[in-house]
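The block underneath contains the structure these notes are about, expressed in C-alpha cells.
What follows is calculated from the coordinates using simple rules that are stated; it is not laboratory data. Because the structure is a prediction, the values reported are computed rather than measured. As a convention, Cβ positions derive from the backbone with ideal geometry for all residues, glycine included, and neighbour counts pool all protein chains shown.
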Ligand SMILES: *Cc1c(COP(=O)(O)O)cnc(C)c1O
C-alpha cells in the first residue's frame, strides 16, 4: 500500500514501467488504466489473503450466493472508493497530468447479467462485504457477457460483448482449485453391499476452473470472493478423445462443445427459453460450486453432519435450483449418508428467492432431456418427488389436482420452482406485494403447506455505488448538510427532510441536478448530435424492454403530447426530454419493435421545427451499469409504469429515488413501499391496482377495443401507428397495434387516461420550483430504507443466521 500521494506517484510510474515497459509519455490511457488497476490489485490481494486466513481459522457460518448472473459493472472506481484512496489517486494522477475519470472509463463493464436480477446479486455482494459478513458469490465466467446494443436505422443490432479482450485485471485464475463436472452416461445400481450404491458410468467430464474476483467492503478489512467458473476440456477426456487417434477435427469439435458451456450469457430476461445448453450451464456451475464448498468444508471438519451450522447456500431464482439434488448426490453417493440424513442437511442448508410470478418465466425442463443429460440427478429428483407426493397424499387424500400442481415432476416436465420450494427452508419474495401475491395466488398451495418457509425481503441497492460513487456532488452536499453518518447508516438520510423547505438547500440541490443534467446532455450531444434543453424535464425510462414494463404506454403518451402541440403550436407545456435506454432480447419481436417505435417517434418529433423544441426523444444505446450511473444522477422523473402485479420489485426505481428523481409509477413492486416512505405528496401514482388487474384476468371482462372507440385522442395515436404518420412502412407497427386492440394483455389502453393525468400532475409540480425541490429532497431523504445493507441484514438475521466477522 502506498503511504501518501508522493509514494503513490512513485509506485504508479514504476508500475507503468514494469507492467507495460513504458514511460508516462509513451503510455496510452489503456496502459495507464491497467497500471493503476494492477497497483490496486496488489493492495487488494494482500487484504484478501488476510481475510481468507481469518475465515480459515473460524467456525463462523459462511453464505454462498448462487446466481447465474452477476452484473457487477466497472470495478476500479468502486475499489478505490472502498480502499479510501480515491482522493490520493485522483490528486497524484492529476499532478502527473492524468485524469482519473478518463482512466476509469477505459475499463470494460463486466456485463455478466441481463438486468435487475444480476444487478441485485452485485449489490448484495457489495453489502455483504461492507457489513463484514462472510458471504461469497458463485456464478459463471461467461466469455461473452450480455450483447452490445447498437441502433441502426432505428432497429436494435446485437454485437458480441468481448469483455475479456484486453485481459481482465480483477480476476485470479485458480487452476489448482478446478473440479470435475459429469454429464450424460448411465447409472448402474450395485446391490452387493448393505446399502445399494449408484455408479455413474460412461459420462463426459468437463473441467470447471474457478476465476476469483475479490469483493471489497467499504473502508473495511473484509475482502470476500466472487467465484466464477469457466468450462475447459479435462485432461483425461482430452487424452481419450479423437485427438490421439489423429482425428483432429473431431477433437476440436469436442473442445468447442465443452467450452460452449461458459461461452455466452443467455440474453433473455424474465423469460424461460428451454435450451439444453442453459440446463448444462446451470448444472455446471451448481456442481462446481457445491463440490468446492464441500471440499473446503472437509478441510475443517471431520463430518458433514453439521454442515448447516457452518454453511448457508442461497439460490437466486430457480436457475441454481439443482443445488438441491446436487447436494443430495454428494452427501449420498460420495459421503455415504442415508437419504433421510442427507435430506435433513440439504433442506436446512438451502434457501431460495423467487423473482417473478410471470408464467412464461418459470423454468421447467422436459424430463427426457433432464434424464439423459443428468441421469443420476434425475433419479434423485424423482425420489424427492415421490416422497413429497406421498406426503401430500397423506395431507390431501384424493386431491389429485392439487398434488399434480405441486408435484416436482408432472406432465413430462421437471418444475424448477417446485423443486426449489420443496428443497429449501426459506422462500422469499422481493417486495411486500410480490410476496403477498406469491402466498395468495401463484404459490398458494405451497404456502398453505409450508407457511413457515415464506417470508419477504424487499430488494435494495448499494448506496455506495448508486450515490456515493456515481453522484459525488450530491453525496458531498448531503454530507455537508447532515454529516457523514448516512454513509454507514443510510436511514440517517432522513435528517435531510428537515431541509425539504429550506430554500438555500433547495437551490443547492437544484444546482447539482442541473450539473448532472449538463453532463448527460453533453454525452447525448457528443454521441448522437442531439441537443437537449437542460431546463426541460428529464423524463427517464431505463430498463430492459419488455411488454410488462410498458415502454409502449410511455411512447403513446409522447405521441399524444406531440399531437396536442401540432394542433396548437402555442400550447403552454413545459419542455420535456424523454430518455429511454434498454436492451430487448434478440428473439423478442415485440420488444424490438418497441425500440424501433421509440426511434421512429424520436425521428419525427426531434426534427419538427413547428413544436419549437418543446419535446425531445432520445434512445441511448447499450444500457449498462456504467451508463446507468450517469443517467440516474441526471433524472427528474423516474418512469416505473409496469402493469400492476407484474414487476416483482424493481430496483431502478430505488436508484432514481436516491438521486432525487420523482417517481411516476403504478402500485407495483417496490413502488408501493417507496410511496409508503415518501408519502403521497412526493410521488405520483396512477393506474389499476394489482387486485384489479388480477380480477380482470380472472373474469376476462377487459375489452381494450371499447377504450379505443371512446377516447378520441388515444384512437388518433393508435391509428398513427399504421398510417403514414411515422416514416416507416405502414405495416411496420401492425403487430403492436394488433396486440393493443385485440387483447392488450398489459392494460396499456386501460391505464392511458390515468397516465396522462399523472403526467400532467408531474408537470404542474415541476413548474413550481419550491414544490419540485421539496419532492426531490424528500425522495433522497427517505431512500435509506432501500439500501441493500438493510436487505442483506434482513437476509443475514432472518434467513442465513450469519454474523459480522471481525478480528
Ligand atoms: C438497476 C438496473 C436494472 C434494473 O432496472 P429495473 O428498472 O428495476 O428493471 C437493469 N439494468 C441495469 C444496468 C441496472 O443498473
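How large is the Kirkwood hydrodynamic radius of region 427-584, counting all unique pairs of alpha carbons, in Å?
Details: mean 1/r = 0.0501 Å⁻¹.
Hydrodynamic radius (Kirkwood, Cα pairs) of region 427-584 is 20.0 Å.
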### Query
Ratio of the chain's C-alpha Rg to 2.2 N^0.38 Å, to two decimals?
0.97
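Could you work out the equivalent-ellipsoid semi-axes for region 31-139, taking the square root of 5 times each eigenvalue of the Cα gyration tensor, largest first, in whole Å? Don't skip to the answer; put the middle values down first.
Values: eigenvalues 152, 74, 22 Å².
So the three semi-axes of region 31-139 are 28, 19, 11 Å.
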### Message
Suppose the Debye formula is applied to equal point scatterers at every Cα of region 244-353; what is log10 I(q)/I(0) at q = 0.15 Å⁻¹?
### Response
-0.75
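Mind ordering 178-189, 574-585 by average Cβ neighbours within 10 Å, highest first? It would help to have the intermediate numbers written out before the result.
Details: 178-189: 15.7, 574-585: 22.4.
Top of the packing list down: 574-585, 178-189.
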### Message
If every alpha-carbon in region 738-793 counts as one equal scatterer, what log10 I(q)/I(0) does Debye give at q = 0.17, 0.23 1/Å?
### Response
-0.77, -0.84
### Task
Compute the relative contact order of region 484-583 as a whole-number percentage, counting only Cα pairs closer than 8 Å that sit 6 or more residues apart in sequence.
28 percent
### Message
Could you tell me how far the Cα centroid of region 415-432 sits from the Cα centroid of region 1-49, in Å?
### Response
46 Å
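Expressed as a rounded percentage, what relative contact order does the chain have, with Cα pairs under 8 Å and six or more residues apart?
Computed value for the chain: 13 percent relative contact order.
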## Note on the structure
Taking alpha-carbon centroids only, region 502-550 lies from region 129-151 a number of Å equal to 27 Å
#### Entry: Hull volume in cubic angstrom per residue (convex hull over the Cα atoms of region 77-150)
121 Å³
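First check a/c for region 198-239, with a ≥ b ≥ c the square roots of the eigenvalues of its C-alpha gyration tensor; if it is under 1.5, answer rounded, and if not, answer prolate when a/b is larger than b/c or oblate otherwise.
On the way: a/c = 6.17, a/b = 2.92, b/c = 2.12.
Taking the square roots of the gyration eigenvalues as a ≥ b ≥ c, region 198-239 is prolate.
Using only Cα atoms, what is the ratio of the radius of gyration of region 142-212 to 2.2 N^0.38 Å? Numbers along the way, then the final one.
Details: Rg = 21.5 Å, N = 71, 2.2 N^0.38 = 11.1 Å.
Taking N as the residue count of region 142-212, the ratio is 1.93.
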### Query
Computed over the Cα atoms of region 450-509, what is the ratio Rg over Rh, Rh following Kirkwood?
1.17
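For the chain, what is the calculated [θ] at 222 nm in deg cm²/dmol (nearest 500), taking -39500 (n - 2.57) for each run of four or more DSSP H residues and dividing by its residue count? Walk me through the intermediate numbers first.
Numbers: 33 runs with 370 residues, N = 807.
After summing the helix terms and dividing by residue count, I get -14000 deg cm²/dmol.
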### Query
Using only the Cα atoms of region 386-498, what do you get for the radius of gyration and for Dmax, in Å?
22.3, 67
### Message
Need one number for region 317-455: average projected area of the convex hull over its C-alpha atoms, nm².
### Response
8.1 nm²
### Message
Could you work out the percent of alpha carbon pairs in region 582-695 separated by over 19 Å, rounded to a whole number?
### Response
59 percent
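How big is the C-alpha Rg of region 100-241 next to the rule-of-thumb value 2.2 N^0.38 Å, as a ratio? The partial results should precede the final answer.
Values: Rg = 20.5 Å, N = 142, 2.2 N^0.38 = 14.5 Å.
Cα Rg divided by the expected 2.2 N^0.38 Å: 1.42.
Mind ranking 18-31, 339-352 by how tightly packed they are, going by the mean number of other C-beta atoms within 10 angstrom, highest first? Kindly include the intermediate steps, with their values, before the conclusion.
Working: 18-31: 12.9, 339-352: 19.5.
In descending order of packing, they fall as 339-352, 18-31.
Please give the contour-minus-distance gain from residue 387 to residue 26: 0.36 nm per residue of separation, less the Cα-Cα distance, rounded to one decimal in nm. Could the numbers behind the result be given before it?
Numbers: separation 361, 0.36 × 361 = 129.96 nm, distance 6.89 nm.
Going from the current span to full extension adds 123.1 nm.
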### Message
Can you give me the C-alpha center-to-center distance between region 342-390 and region 744-771, rounded to a whole angstrom?
### Response
44 Å
